[in-house]
Amino acid sequence: EAQVTQNPRYLITVTGKKLTVTCSQNMNHEYMSWYRQDPGLGLRQIYYSMNVEVTDKGDVPEGYKVSRKEKRNFPLILESPSPNQTSLYFCASSQGELGYGYTFGSGTRLTVV
Amino acid sequence: GEDVEQSLFLSVREGDSSVINCTYTDSSSTYLYWYKQEPGAGLQLLTYIFSNMDMKQDQRLTVLLNKKDKHLSLRIADTQTGDSAIYFCAEKVLDNYGQNFVFGPGTRLSVLP
């Protein structure tokens, strides 16, 4: 089944403790992206990647890192999480060609205390 | 910069038609999308329309695009309780690095029995 898989689905952590949210897609998509969703703010893009080793900042990159060492994986790294990073995070991938929308993962609900 | 706007809430009675509206600012939009997010789930692509089309119909869904006014709408005929969700409008735009997606804040549709 074609899908985007994020892990974990839920995570509660403490301020300052490094964490990684994994994202993997099995559709050979070139384009991958991370979004956070907050009430009243909709989806805001954190980082995106056009292809392997090609990443760029989205609208709200501060406090996050990403890497794209292989096509299928696009992990989101929080080196020193803070409470304002408590949010619902979505990974998405796309073929990148005209007409293709995103396929979204199921989301990761992160709480930083 | 790019901006996509939607009203945040809409309530309709079961069996009525729902119309969710969206405006966007970027004239380089190539495709425009409607996504549906059910509670606790990721975003699911509902439908999309190419920017040189005026209308697209898919079963109960009708998408209307007024490119001159940069206005997009999604009409759901015979709205059912299962249509209760958040609906996101999104545009695919060209930027310096190729293509990227910009999402609206989402419209929460409540279907009343």
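Residue count for the stretch A:42-53, restricted to those that are open to solvent by less than 70 Å² (accessible area, probe 1.4 Å) and more than 19 Å from B:G40 (Cα to Cα): 8. Evaluation of B:A41 against the conditions (1) among the small types (G, A, S); (2) under 20 Å from B:L10 (Cβ atoms); (3) surrounded by 14 or more Cβ atoms within 10 Å (Cβ to Cβ) shows that the sole unmet condition is (3).
For (1) away from chain B (no Cβ under 14 Å); (2) of a type outside the set (D, E); (3) open to solvent by 20 Å² or more (accessible area, probe 1.4 Å), each residue gets a yes or a no:
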{"residue": "A:V4", "(1), (2), (3)": "no, yes, no"}
{"residue": "A:K18", "(1), (2), (3)": "yes, yes, yes"}
{"residue": "A:N26", "(1), (2), (3)": "yes, yes, yes"}
{"residue": "A:G40", "(1), (2), (3)": "no, yes, yes"}
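Looking at the stretch B:55-96, which of its residues are in a strand (DSSP E or B), among the polar types (S, T, N, Q) and touching a strand residue (DSSP E or B) at 6+ places or on another chain (Cβ under 6 Å)? It would help to see each step written out before you state the result.
Filtering the stretch B:55-96 down to residues in a strand (DSSP E or B) leaves B:55-58, B:61-66, B:71-76, B:85-95.
In the following step, the residues that additionally are among the polar types (S, T, N, Q) were identified as B:57, B:62, B:66, B:73.
B:T62, B:S73 - these are the residues of the stretch B:55-96 that are in a strand (DSSP E or B), among the polar types (S, T, N, Q) and touching a strand residue (DSSP E or B) at 6+ places or on another chain (Cβ under 6 Å).
Looking at (1) open to solvent by 30 Å² or more (accessible area, probe 1.4 Å); (2) under 26 Å from B:E5 (Cβ atoms), can you tell me which one A:K71 breaks? Evaluating A:K71 over (1) open to solvent by 30 Å² or more (accessible area, probe 1.4 Å); (2) under 26 Å from B:E5 (Cβ atoms) leaves (2) as the failure. Every test in (1) open to solvent by 40 Å² or more (accessible area, probe 1.4 Å); (2) within 11 Å of B:I86 (Cα to Cα); (3) of a type outside the set (D, E, K, R) is passed by B:V19 save one, and that test is (2). Every test in (1) modelled with pLDDT of 90 or more; (2) part of a loop (DSSP other than H, G, I, E, B) is passed by B:N52 save one, and that test is (1).
Looking at the structure I just gave you, is A:V14 open to solvent by 40 Å² or more (accessible area, probe 1.4 Å) and either in contact with a Leu (Cβ under 6 Å, 6 or more places away or on another chain) or aliphatic (A, V, I, L, M) (or both)? Criteria met by A:V14. Only residues that are over 16 Å from A:T20 (Cβ atoms) and either more than 10 Å from chain B (Cβ to nearest Cβ) or at pLDDT 95 or above (or both): list them for the stretch A:91-106, please. A:S93, A:Q95, listed by residue number. Just to be sure before I move on: is B:D54 more than 14 Å from chain A (Cβ to nearest Cβ), charged (D, E, K, R) and open to solvent by less than 30 Å² (accessible area, probe 1.4 Å) in the structure I sent? It is false that B:D54 is more than 14 Å from chain A (Cβ to nearest Cβ), charged (D, E, K, R) and open to solvent by less than 30 Å² (accessible area, probe 1.4 Å).
The values are calculated or read from the model by the stated rules, or taken from the named source; none is laboratory data. Just so it is clear, the structure is predicted and the values come from calculations on it, not from any experiment. Glycine also receives a Cβ, built like all others from the backbone with ideal geometry; neighbour counts cover every protein chain displayed. Calculation scope for accessible area: heavy atoms of the full protein, side chains included, ligands and nucleic acids excluded. Shrake-Rupley method; radii C 1.70, N 1.55, O 1.52, S 1.80 Å.
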